[in-house]
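Chemist: First the structure, which I've put down as structure tokens, then a few questions once you've had a look.
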Amino acid sequence: MNKRLRTILQYVFFFALGFFFVWLSVKDVGRPQRLQIRSALQHARFYLAVPVFLILLASHYVRAIRWRLLIKSLGYNPSKANTFFAVMIGYIVNQAVLRLGEVMKCTVLARYEKVPADKLVGTIILERLIDAITLVVVLVVTIIIQPSLYDELLATIFHVRGDGDGKKIPGYVFLLIIFGIVILGIALWMLIKKKNFNDLAVAIKKIVRRVWEGISAIQHLRKRKLFLLYTVMLWALYLGGGYIGFFALQETEHYGIREAFTVLSAGSVGMTITPGGIGGYAYLLEQVMQVYGLSEGVALAFGWLLWLSNTGVIIIGGLFSFVALPLFNKKKLQQSAL
């Protein structure tokens, strides 16, 4: 298959997936749900959008200085401002085309800081790997502090119903289904690519090796503890944004840190599966908040409000960065033109 066509099909697929989640989110909204949403928004504390905005903006700044720490380990010293602008531009591009923002922020920083773009790509891969590991840790913590959450999520998302004796379908059934889908995907890959089990073993070893190389690369950082501190700060800010978001609605103001961990887990997954988290973020939050007894309409409103807060920060910060970046580097560009 032509590479360009394959890329186009990938973009179409992820956008279609996003709009599918949007449809899932709103398809059952009737008059009762609309009344719930209207009531929740009438009493909403919209002024809390300001601290949430500042917290999320701070999280993007922490991500920028953490990335800068990786770049400095390569022997380059980009300015904090340019690194932050590049991160925000990458985010806003990701809103339109999934993963293109990673390329864009490398290109932007390479232009203004004279850092080879190919070297920056390696730091992005390491960053994403660390974030994936951190997300797994967050998911584990979420389950540990809420042991019954797993079964409750299955019951809510998959609408598990009791049988005649009132017993629930066990959760391992769904795990077997997911496992079956993974096996089917691997089988199709082997069939289409004409691979055998030796090729599969080589591919798995390559993935494991890259993951291990990424993890072990941290030991080469001169300021490992600072990098880990930035990582903790980054995810703590994400957690704080969701926690303060609870106070925006009267129906959610009684929730606490445990529920905030669930929001962080679901929201992080939602952000990774569709461009800018469109559809996926709000749908997953809508589902998990119903686990805590929130009505369908209010859960829908809460999910979309948090997604709009995240998206608003990215759009405003990204557009500002597009304008500020050349102005900030105007003198540098004039000197390089001489």
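Readers should treat all values here as calculations from the given coordinates under stated rules, not as data from a laboratory. Bear in mind the structure is a predicted one, so any value in this text is a computation, not a measurement. With ideal geometry, Cβ positions are generated from the backbone for all residues, glycine too; neighbour counts draw on all protein chains shown.
Chemist: What spacing in nm lies between the two simple spin-label points modelled at Ala236 and Ile125, each 7 Å away from Cα in the Cβ direction?
Modeler: 3.1
Chemist: In nm, to one decimal, how far is the modelled label at Leu308 from the one at Ala16, with both set 7 Å along Cα→Cβ?
Modeler: 3.0
Chemist: Taking every alpha carbon pair in segment 227-338, what does the distance histogram look like in 5 angstrom bins from 0, in percent?
Modeler: With a bin width of 5 Å, the distribution comes to 2, 11, 18, 19, 15, 11, 7, 6, 5, 3, 2, 1, 0, 0.
Chemist: Please arrange Arg99, Arg68, Arg31 by counting, for each residue, the other beta carbons lying within 10 Å of its beta carbon, fewest first.
Modeler: Going from sparsest to densest Cβ surroundings: Arg31, Arg99, Arg68.
Chemist: Let's test the formula: R0 of 25 Å, r as the Cβ-Cβ distance of Leu35 and His254. What FRET efficiency results, to the nearest 0.05?
Modeler: Rounded to the nearest 0.05, the efficiency is 0.75.
Chemist: Can you flag which of Lys114/Lys225; Lys72/Lys195; Lys105/Lys194 are past 31 Å Cα-Cα?
Modeler: Lys72/Lys195; Lys105/Lys194
Chemist: When Tyr47, Tyr238 are ordered from fewest to most other Cβ atoms inside 10 Å of their Cβ, what list results?
Modeler: The most exposed by this proxy come first: Tyr47, Tyr238.
Chemist: When the scattering of segment 27-129 is computed by the Debye formula from its Cα atoms alone, each counted once and equally, what is log10 I(q)/I(0) at q = 0.11, 0.13, 0.17, 0.19 Å⁻¹?
Modeler: Each listed q maps to, in turn, -0.48, -0.58, -0.77, -0.88.
Chemist: How far apart, in nm, are two points set 7 Å out from the Cα along the Cα-to-Cβ line at Phe197 and at Arg45?
Modeler: It works out to 6.0 nm between the two label points.
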